[in-house]
Each structure stands twice: as C-alpha cells, then as structure tokens.
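Below: one structure, written as structure tokens.
The values are calculated or read from the model by the stated rules, or taken from the named source; none is laboratory data. Bear in mind the structure is a predicted one, so any value in this text is a computation, not a measurement. Every residue, glycine among them, receives a Cβ derived from its backbone with ideal geometry; neighbour counts consider all protein chains shown. Protein only, heavy atoms only, side chains kept; ligands, DNA and RNA dropped before computing areas. Shrake-Rupley method; radii C 1.70, N 1.55, O 1.52, S 1.80 Å.
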Amino acid sequence: MIPRPLWTFLLVRLSSVFLVQTWFVADEYWQATEVAHNIAFGYGYLTWEWKEGLRSILYPGVLACLYKVLAVFSLDYPLLLIHLPRVLHACAFAVGDFFTWKLSQKLYNKDAAHWTYVCLMSSWFLEYCAPRTLTSCLEMVLTSVALWFYPWKSKRESCNVSYLWLVGISCILRPTSAVLFVPLCLHHVWASNSRLWLTVKFSAIIFAVLALSIGLDSWYYGQLVVVPWRFAHFNIASGLAAHYGTHPWHWYLTQGLPATLTIHIVPFLLGAVCHSRRHKHLLPLCVWSIFVYSCLGHKEFRFLLPVLPLCLCIAGDYIAVTIASLSKKKDLSSKQWSLIVAASLWIPNILAMIYLGLFHQRGPLDTMTVIEQELNTVKEPDVLFLMPCHSTPYYGHLHRNISMRFLTCEPNLKHQENYIDEADIFERNPMSWLQQEYKSITTQDSNISHHKLHEGKRNSLGKSFPSHVVLFDVLVDRVYDFLSGNGFQKCHEIFHAHVEDGRRGRFIHIYCRV
C-alpha cells in the first residue's frame, strides 16, 4: 500500500515533466543522456571529462540499459529517449521528498512534518529540478533516504549502518556527498558503545563501494581508474574547475540560498536563529555543508540540492511552532493562520515555477525540435553551433547520426601558457575563425550556384559548408558577412529568454543554406 503523501509527491513531481521545458545546466544532457546514448547506440559526444576519467559510468550506464531495452522492443523514438529518463527522475525525486517528510516526523513531530510537506511541495527549485537528469538530483534523493535511516536518537546502541550503502552509491555519483556524511559517520562511531565493531562494518562497506566504483569504471575506461580521486584532484587540488567560473566565498549565502529557497528562507533563518537548540541535528549539517561548498571557487545553484531538504525541515518546524503560538493569542484561528502562511509560500513559488519552467531559457530545447524537423529537408544535414559550448542538447535529443559541430571549451589540461579554449578564440574574432575553418571560395567557384555548392562543393580544407548554422541573435551582426556571402538565410527565430545574458541573447537564430 503506497502511503498517501507519497502519492501526492509523485503526482506533483510527475507534473514537472510537463511544466519544465527549459534549459538549466549543460550537465543535464552532456554528462548523462548523451553519454548513455553513446554507450547504447555507438554514437554521441563524449566531453573531455570522459577522456580524463573524471566521471563514473554508473549513472549513464543505468540510462544506457534503459535505452537498450527500448531499442530491443523497437521503441527507441526520440520522444521516449528524451522523456522516459525525466519521468524516472521525477519518481525518484518523489521518493526523496517522502523520506524527507518522514525524517521531519522522526526528528520533530507531526505538525512540523505537515509544514515540511507543504514547504517541499511549494518549492519552485525542487519542482524545477525534479525531472532533470542531473547527478546532483540523485545525490539529493540518496541523501534524503540515507538521513532517514541514520540512527539519530540511538547512536549509542545502534550498529545499523545500512545508510552507509546509500551514502556510498551517492559518493560514486558525486564524491561531494561525503561532505555531509563524514561528520555524521564519525559522530556515530564516537558515540557508539561498540566502536570497534562499528569501525569494522564501516571499513567493509567503504571497501566494497570503492571496489565497485574502481571495478566498474576501470572496465569502462580500459585502465585502472579511481574516479573519486580524479574528481577531487580536479575540483580541489588542480584548480582547473575555475575555468568554468568562480564566485566569492559568500555566494551561497547572498545568492545561492536566497534564490533556491525564495520565501522559504524566512522561516529557515528564523528557525535557525530563534530555535537553534531544536535543530541540533540538522542545523550543524547545513552550516557545515555550506561552509565547505563556500570554500570551493566554482559554485552552482544545483550543488545546494542535498542541503535544501534539511533547510525545509527547519523551516517547516518553525512554521508549525509559530502558528501554534499565534493561535493562542486568538486574533486568528490556527486554520486562518495556516491559510495565510500557505498562500505566502505557494503564490511566489508558483509564479517562479511557471516563468522559469515554461519560458526562461527554453530556446535550446525548442531549437533541437526544429533541427530534428529540418533534418528531413536536406540530403546531407550538417549542423554548426556557433554558441557558447554545450548550449543545447546533442545526439541524445536527435537520435540521428548526422554531422554536427560545436565550439569546445576544455580547460587547460596540458597547463599551456596563455591558454584559450576554442569558444573564447571564436568569440574574440568570429570572422577570422570562420575563414580559417571554411576557407573562402575562389572567384571561379563563386560563380557556381549555391544549390550546386550545397550538393557537394567543398572548401580548400576539404570541409563542406554546413547545411544549418545555429547562433544567438547577439552574434548575428558579427558573422553576417559570412552567412550572407555563402548562401545562408535565416529560416527560424526561436525565443530563448526575455533578457540577454552575456553571449546568450534573447533569441536563437537558425540559418539554412539555400
């Protein structure tokens, strides 16, 4: 019998599959479905992380098995390849929500659990992330379940370490999971009456998880690979993660938490400050995790996902305590206060979810839909993406083995002096890059019709001109001479966002060669 709260969580999270039609971060595709597509069907772009052994094959391997099953039954349609993983992620997210609700019941009471339930359901960011194929999402789910299994109130007597298996799997997916659980595990051992036996069990599970990780990844990469070590070395020791942007130490406090929690940050902060003793279990974990994350230069909103359910538990408890206190004053009844609080939580989050889920940054996904339709209009499709690297999904969305090209942005892996990645080289002088990539056609060749050129005329480097060029509107003026001079005409203009964001404009243009 499925509990009623779980049904509700499932319904809400499954709705996110339809409500979330926008782009968030590239890893949702390039480190998940694109890799799975490569494993299952033999083609799909592998980014530099997969050449350097920084990623575990466990997660995309599971998706690849799903793709293989679809292929066996001849159901490997692009629609299913795109959305079935999203449906499974939404279901997994609901399970994580359910165990967060149960954790609130275990650590607080039913009233706190009720308001934690409301906070989880009304969080725009959780709904926004629920269907996304990100390892951070699975990290959050496994963390939520593991925290419920953790012996919060029986550490002295309990030698149950079943939660550590979930932590281990989470660490395989994202080694950062260890940040939250290292202090918990150490405290469990220190408080236990059977420290030696507990240490033996901990060591056995850690060894088994490491063996699984090393064995699976070494098999995939064809050599001995310890992914957690390489991941930690790249993100901490080498400093190369800064290639993808750095933020000040206070970013999670001043931007990360306010943006992801929105109105929920008010009861969270009030609960943390006014009732800190009530949150002796969860609040130190939140503070510790955010402190460690803040020490790293590269920061992203999604990295907060494992911590957000804990913040919402604290917020839910504060709301429950406050409503009970206010109701005693008899100005308003408990039901009236509940309606006011619920409305203040739901309204801003629903508005944020609708706008960010349906409108803001929807261009990349709509572009791939248009490209899929365009593939049927040319004999030899060849798509050139003149955009910031990984701005759209790739083969995993098209499920067609065609020629495609995008601007790469690998970090300085060889430690070259004055290193500049390809996307930055292009941005400095787009026309120079295009002229080198596609040498100018000679005067004699320029008399040939564009149709004949499209049928097979190649430049002096042996490369044919692409059939389609995809770029943001902010770049059009800088490459217009190349486009107009080589027979390209704008055939589609796709809305992306209401505001420009650096190299990303308000619209995506697709130019077709005629």
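The dipole here belongs to region 378-441: it is taken about the Cα centre, uses +1 on the Cβ of Lys and Arg and -1 on the Cβ of Asp and Glu, and is about 260 debye. Taking Cα atoms only, the orientation of helix 58-72 departs from the longest principal axis of the chain by about 60 degrees. Sequence-distant contacts, meaning Cα pairs under 8 Å at least 6 residues apart, place the relative contact order of the chain at 17 percent.
To the nearest ten degrees, helix 473-485 and the longest principal axis of the Cα atoms of the chain are 20 degrees apart.
Selection among 404, 467, 150 by position relative to the dipole of the chain gives 150 as farthest towards the positive end (Cβ unit charges, Cα centre). Where does the chain land at 222 nm, in deg cm²/dmol rounded to the nearest 500, when only DSSP H runs of n ≥ 4 count, each adding -39500 (n - 2.57), divided by all residues? About -17500 deg cm²/dmol. Cα gyration tensor of the chain, axes a ≥ b ≥ c as square roots of the eigenvalues: rounded (a/c below 1.5), prolate (a/b > b/c) or oblate? Judged from the Cα gyration tensor, the chain comes out prolate (a/c at least 1.5, a/b above b/c). Across the protein chains, with a 1.4 Å probe defining accessible surface, the residues 477, 382 rank 477, 382 from largest area downward. DSSP beta bridges fully contained in the chain are about 65 percent antiparallel. Extension gain, residue 244 to residue 4, is 82.1 nm, computed as 0.36 nm per intervening residue step minus the present C-alpha separation. If you take the charge dipole of the chain about its Cα centre, with +1 on Lys and Arg Cβ and -1 on Asp and Glu Cβ, which of 257, 232, 38 is farthest toward its positive end? Of the candidates, 257 comes out farthest on the positive side. Length available on full extension from residue 71 to residue 428: 0.36 nm per residue minus the Cα-Cα distance, which gives 124.2 nm. Taking only Cα atoms, what is the 0 to 90° angle, nearest 10, from helix 283-295's long axis to the longest principal axis of the chain? Orientation of helix 283-295: about 30 degrees from the principal axis. Where the accessible area of the chain is counted over protein heavy atoms with a 1.4 Å probe, how much of it, in %, is carbon and sulfur? Percent of accessible area from carbon and sulfur atoms in the chain: 62. Using the Karplus relation 6.51 cos²θ - 1.76 cosθ + 1.60 with θ = phi - 60°, the per-residue 3J(HN,Hα) values for region 362-372 come to 8, x, x, 6, 5, 4, 5, 5, 5, 4, 4 Hz, with x marking Gly and Pro. Near the amide H of residue 406, within less than 5 Å, lie the amide hydrogens of 385, all on another chain or at least 5 residues away, with H placed in the peptide plane.
Ranking 188, 207, 241 by Cα position along the charge dipole of region 151-242, where only Lys, Arg, Asp and Glu carry charges on their C-beta atoms, puts 188 farthest toward the positive end.
Projected label points at residue 295 and residue 229, each 7 Å from Cα along the beta carbon direction, are separated by 2.1 nanometres.
Set the Förster radius R0 to 22 Å, insert the Cβ-Cβ distance between residue 259 and residue 109 as r into 1/(1 + (r/R0)^6), and round the FRET efficiency to 0.05. After rounding, the FRET efficiency stands at 0.15.
Using only side-chain charges placed at the Cβ, +1 for Lys and Arg and -1 for Asp and Glu, the dipole size of the chain relative to its Cα centre rounds to 1900 debye.
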